[in-house]
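**Q** Starting off with a structure, shown below.
The values are calculated or read from the model by the stated rules, or taken from the named source; none is laboratory data. Note that the coordinates shown come from a computational prediction; the quantities given were computed from them, not determined experimentally. With ideal geometry, Cβ positions are generated from the backbone for all residues, glycine too; neighbour counts draw on all protein chains shown. For accessibility, only protein heavy atoms count, side chains too; no ligands or nucleic acids. Shrake-Rupley method; radii C 1.70, N 1.55, O 1.52, S 1.80 Å.
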Amino acid sequence: MAKNDVSLSVIKRLPRYYRFLGEMKKAGLQRISSSELSKRMGFTASQIRQDLNCFGGFGQQGYGYNVSQLYAEIGKILGVNKKAKTVLIGAGNLGRAVAAHMSFEERGFNLIGIFDRNEALAGQLVRGLPIRHIGGLYDFCRENAPTVAVLCIPSDNAAEVTEELVRLGVKGFWNFTHYDIAANYPGVAVENVHLSDSLMTLSYHLNNL
Ligand code: NAI
């Protein structure tokens with residue numbers, strides 16, 4: 001199956017496979033059957049076989065899956081070995097937390113610049129990087145050519161900043177704002193993150209126990 005034909009729901013499950021397999025690898029496990037994998041991950045064995053078949057199988061009859069190999073293959077599909085140059089815009093409470101705690105490097109990204117419009121923040125270090133004033137974004141992008149941006153600014157300011165970033169060659173957005181980037185820029189990759197959606201999903205489950 002061509003990668004573009006893989007359903008979004010399979011793609012959304014891949015990071016979970018990657019995380020579990022990483023833990024198994026760390027624990028020294030060399031191989032695992034689909035039924036054992038299903039027990040650990042909470043997916044059915046047939047779901048696992050179907051998911052992994054989308055990418056060419058990786059399993060062997062009677063052997064199961066080679067943990068390191070499967071981990072590496074899924075990592076390759078997810079692109080975790082790439083080091084996409086990334087800038088983060090908005091070094092407030094959320095932006096600092098994301099910059100400080102997210103292991104970008106292990107997930108295919110290289111955070112190279114943090115920007116904010118508040119001049120008082122300029123020069124403060126977050127994750128060893130100085131916060132830069134947003135006025136320097138143009139020159140920085142021209143020089144360093146980042147392809148990804150993390151947006152941690154208020155939604156009201158997102159359209160303008162996105163427009164500039166797209167013009168400067170950014171092709172992927174990790175979007176914490178409510179601005180609908182995908183609708184306005186169909187050619188870019190967008191992953192929206194809304195913690196409140198997750199919280200409301202919990203509320204639904206809680207009220208339907
Ligand atoms: P904050 O007020 O602490 O930080 C926002 C930062 O963005 C400030 O430092 C401000 O100077 C900067 N900023 C504003 N406009 C800018 C621009 N045009 N260019 C560069 N920097 C700019 O706010 P906080 O708590 O960090 O939240 C940021 C945004 O993220 C809020 O709009 C909030 O609604 C949203 N948010 C989203 C979440 C989600 O799950 N998607 C979770 C939490 C917050």
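**Q** More than 9 Å from the ligand (Cβ to nearest atom), open to solvent by 30 Å² or more (accessible area, probe 1.4 Å), within 30 Å of residue 72 (Cα to Cα) and out of contact with any Lys or Arg (no Cβ under 9 Å at 6 or more places or on another chain): does that describe residue 106? First the steps, then the outcome.
**A** On the way: more than 9 Å from the ligand (Cβ to nearest atom): yes; open to solvent by 30 Å² or more (accessible area, probe 1.4 Å): yes; within 30 Å of residue 72 (Cα to Cα): yes; out of contact with any Lys or Arg (no Cβ under 9 Å at 6 or more places or on another chain): yes.
The answer is yes for residue 106.
**Q** Checking the structure you have, find out if any residue of region 9-22 is loosely packed, with under 13 Cβ neighbours inside 10 Å and either aliphatic (A, V, I, L, M) or in a strand (DSSP E or B) (or both).
**A** No; the residues of region 9-22 include none that is loosely packed, with under 13 Cβ neighbours inside 10 Å and either aliphatic (A, V, I, L, M) or in a strand (DSSP E or B) (or both).
**Q** State the number of residues belonging to region 146-164 that are of a type outside the set (D, E, K, R) and open to solvent by 60 Å² or more (accessible area, probe 1.4 Å). Before you say what the answer is, go through the steps one by one.
**A** Step one: list which residues in region 146-164 are of a type outside the set (D, E, K, R), which gives 146-155, 157-159, 161-162.
When the remaining residues are screened for being open to solvent by 60 Å² or more (accessible area, probe 1.4 Å), the result is 154.
Residues flagged as of a type outside the set (D, E, K, R) and open to solvent by 60 Å² or more (accessible area, probe 1.4 Å) within region 146-164 amount to 1.
**Q** Next up: Are there any pairs, at least 6 apart or on different chains, whose C-beta atoms fall under 8 Å, with the first in region 161-188 and charged (D, E, K, R) and the second assigned to a helix (DSSP H, G or I), and if so, which?
**A** Within 8 Å, the pairs are 164/137; 164/138.
**Q** Write out, first by first residue and then by second, each pair whose Cβ atoms fall under 6 Å of each other, whose residues are 6+ apart or on separate chains, and whose first residue, in region 8-28, is among the aliphatic types (A, V, I, L, M) while the second is part of a helix (DSSP H, G or I).
**A** Close Cβ pairs (under 6 Å, with a partner that is part of a helix (DSSP H, G or I)) amount to 10/51; 14/74; 14/78; 21/67; 21/70; 21/71; 24/67.
**Q** Follow-up question, since we're still on this one. Could you say which residue among 117, 142, 167, 127 is within 30 Å of residue 22 (Cα to Cα), open to solvent by 70 Å² or more (accessible area, probe 1.4 Å) and over 13 Å from the mean Cα position of the chain (by Cα)? Spell out the reasoning first.
**A** Details: 117 fails: within 30 Å of residue 22 (Cα to Cα); 142 fails: within 30 Å of residue 22 (Cα to Cα); 167 fails: within 30 Å of residue 22 (Cα to Cα).
Criteria check complete, one pass: 127.
**Q** Run down 20, 115, 104 and say which single residue is of a type in the set (A, V, I, L, M, F, W, C) and in contact with a Gly (Cβ under 9 Å, 6 or more places away or on another chain).
**A** Details: 20 fails: in contact with a Gly (Cβ under 9 Å, 6 or more places away or on another chain); 104 fails: in contact with a Gly (Cβ under 9 Å, 6 or more places away or on another chain).
None of the others qualify; the one that does is 115.
**Q** Then there's this: Can you go through 34, 103, 68 and tell me which one is free of Cβ contacts under 8 Å to residues at least 40 places away in the same chain and either more than 28 Å from residue 146 (Cβ to Cβ) or hydrophobic (A, V, I, L, M, F, W, C) (or both)? Show your work before the answer.
**A** Working: 103 fails: either more than 28 Å from residue 146 (Cβ to Cβ) or hydrophobic (A, V, I, L, M, F, W, C) (or both); 68 fails: free of Cβ contacts under 8 Å to residues at least 40 places away in the same chain.
The match here is 34.
Results for (1) of a type in the set (Phe, Trp, Tyr); (2) over 16 Å from the mean Cα position of the chain (by Cα); (3) within 30 Å of residue 153 (Cα to Cα), shown as yes or no for each residue.
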{"position": "43", "(1), (2), (3)": "yes, yes, no"}
{"position": "72", "(1), (2), (3)": "no, yes, no"}
{"position": "97", "(1), (2), (3)": "no, no, yes"}
{"position": "107", "(1), (2), (3)": "no, no, yes"}
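**Q** Tell me, yes or no, whether region 120-133 has at least one residue that is of a type in the set (Lys, Arg) and within 13 Å of the ligand (Cβ to nearest atom). Walk me through it before giving the result.
**A** So in region 120-133, the residues of a type in the set (Lys, Arg) come out as 127, 132.
So of that shortlist, the ones also within 13 Å of the ligand (Cβ to nearest atom) come out as 132.
Yes.
**Q** With respect to residue 97, is the statement that it is under 28 Å from residue 166 (Cβ atoms), open to solvent by 40 Å² or more (accessible area, probe 1.4 Å) and either outside any helix (DSSP H, G or I) or not charged (D, E, K, R) (or both) true? Walk me through how you get there before you give the answer.
**A** Working: under 28 Å from residue 166 (Cβ atoms): yes; open to solvent by 40 Å² or more (accessible area, probe 1.4 Å): yes; either outside any helix (DSSP H, G or I) or not charged (D, E, K, R) (or both): yes.
It is true that residue 97 is under 28 Å from residue 166 (Cβ atoms), open to solvent by 40 Å² or more (accessible area, probe 1.4 Å) and either outside any helix (DSSP H, G or I) or not charged (D, E, K, R) (or both).
**Q** Counting only residues that are open to solvent by 60 Å² or more (accessible area, probe 1.4 Å) and closer than 20 Å to residue 88 by Cβ, which one in region 190-209 is nearest to the ligand (Cβ to nearest atom)?
**A** 195
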